[in-house]
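Trainee: Got a structure here, written out as structure tokens. Questions coming.
Derivation of every value follows stated rules applied to the coordinates shown; laboratory data play no part. Since this is a predicted model, take the numbers as computed values, not measurements. Glycine gets a Cβ as well: all are built from the backbone with ideal geometry, and neighbour counts include every protein chain shown.
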Amino acid sequence: MKTALIIRHVPHEGVAGYREPIEAAGYQVDRIDVSDPAFSSLDLRAPDLLIMMGGPMGVYETDAHPWIRCQLKRLALRLEADRPTLGVCFGAQMVAAALGAKVYPGPAKEIGFAPVTVHDKEGPLRHVEDVPVLHWHGDTFTLPDNVDLLASSALYPHQAFASGRNLLALQFHAEMGEDPRFEAWIEQGPEDVAAAGLCPDRLRAAHNAHGPNAVAAGRAMIADWLDRLP
């Protein structure tokens with residue numbers, strides 16, 4: 001059976017809605033937290049599919065999170081080997097950094113449900129076109145060399161990119177919308193919510209209104225991407 005490894009940077013940011021299409025594609029899913037002592041010795045080239053999820057830290061916060069440097073080095077080896085890799089939010093920023101891009105604080109917090117502008121009308125992201133999906137970040141990145149820009153938003157032009165068929169990086173969270181851990185996101189980031197001009201109740205209402213459609217579109221997107229892997 002094909003293997004998929006989820007790297008979780010904080011407990012409340014898991015694979016959520018993406019688990020269903022990954023398992024349906026025939027992968028045996030495992031997970032490891034970066035706080036696990038075994039994480040530092042893992043060969044990230046080994047799994048058939050690597051999924052790196054989000055987190056509140058910045059890629060540039062290596063003094064506070066020494067594991068970032070270690071993960072970036074091993075991730076670069078996987079990307080050089082062109083092994084199937086999915087990065088979400090912080091995971092996408094890690095992919096960008098491993099490819100030589102600069103990750104830095106953006107102009108404002110982008111939080112809440114809103115659609116992205118999809119540039120690749122025939123690729124997997126066509127499933128999320130015109131669908132409000134969750135955004136929750138304040139960092140961005142320069143676009144790495146030799147990748148295809150797939151989606152943008154008004155605040156953040158680099159919302160998604162791909163390299164060939166084996167690499168997909170997503171700044172937005174189309175996996176979130178039905179996961180009860182969303183409440184932990186609100187509880188863990190009150191300053192971010194306020195900085196975005198929102199309140200918790202407004203976010204909860206948007207989650208209830210848009211979440212199911214966002215997750216359905218996200219699942220279709222991931223299933224489509226997995227189906228196109230060589």
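Trainee: If packing is taken as the average count of other Cβ atoms within 10 Å, what order do 30-40, 168-178 fall into, highest mean first?
Mentor: Listed from highest to lowest mean packing, they are 168-178, 30-40.
Trainee: Also: In vacuo Debye scattering of region 102-230, one point per C-alpha: log10 I(q)/I(0) at q = 0.14, 0.20, 0.22 Å⁻¹?
Mentor: At q = 0.14, 0.20, 0.22 Å⁻¹ the computed log10 ratios are -0.62, -1.18, -1.35.
Trainee: Additional query: Charges at C-beta only: +1 for Lys and Arg, -1 for Asp and Glu. How large is the resulting dipole of region 156-230 about its Cα centre, in Debye rounded to 20?
Mentor: 300
Trainee: Note down the Stokes-Einstein diffusion coefficient of region 131-192 in µm²/s, whole number, using a Kirkwood radius over alpha carbon pairs, 10 °C, and 1.306 mPa s.
Mentor: For the chosen part, D equals 120 µm²/s.
Trainee: Let me ask you something else. Between Pro124, Gln71, Gly164, whose Cα lies farthest towards the positive end of the dipole of region 40-167 when Lys and Arg beta carbons carry +1 and Asp and Glu beta carbons carry -1, centred on the Cα centre?
Mentor: Gln71
Trainee: Something else: All other residues with a Cβ under 15 Å from the Cβ of Arg8 taken together, and with Lys, Arg as +1 and Asp, Glu as -1, what is their net charge?
Mentor: With Lys, Arg at +1 and Asp, Glu at -1, the net is -3.
Trainee: Please enumerate, by chain and number, the aspartates and glutamates with C-alpha under 17 Å from the C-alpha of Lys109, excluding those fewer than 8 residues away in the same chain.
Mentor: Once the sequence-local aspartates and glutamates are set aside, what remains near Lys109 is Asp139, Glu187, Glu191, Asp192.
Trainee: Still on this structure: Go ahead and run the numbers for FRET between Ala195 and Trp67, Cβ-Cβ distance against an R0 of 45 Å, rounding to 0.05.
Mentor: It comes out at approximately 0.95.
Trainee: Size of the dipole of region 7-135 about the Cα centre, Lys and Arg at +1 and Asp and Glu at -1 on the beta carbon, nothing else charged, in debye to 20?
Mentor: The dipole magnitude comes to about 300 debye.
Trainee: Further, regarding this structure: Taking the alpha carbon gyration tensor of the chain, what are the square roots of 5 times its eigenvalues, largest first, to the nearest whole Å?
Mentor: Taking √(5λ) for each Cα gyration eigenvalue gives 24, 20, 18 Å.
Trainee: Still on this model: Which of the peptides 122-131, 72-81 is most tightly packed, and how do the rest follow, judged by the mean count of other Cβ atoms within 10 Å per residue?
Mentor: Numbers: 122-131: 18.0, 72-81: 16.1.
Ranked by mean Cβ neighbours within 10 Å, highest first: 122-131, 72-81.
Trainee: Using a 10 Å cut-off on Cβ atoms, rank the peptides 179-185, 41-47, 55-61 from the highest mean neighbour count down.
Mentor: The peptides rank, most packed first, as 55-61, 179-185, 41-47.
Trainee: Among all the lysines, which ones have a C-alpha under 28 Å from Lys102's C-alpha, if same-chain residues fewer than 8 places away are not counted?
Mentor: Lys73, Lys121
Trainee: About the Cα centre of region 1-81, what is the dipole size in debye to 20, counting +1 per Lys and Arg Cβ and -1 per Asp and Glu Cβ, all else neutral?
Mentor: Here region 1-81 has a charge dipole of around 180 debye.
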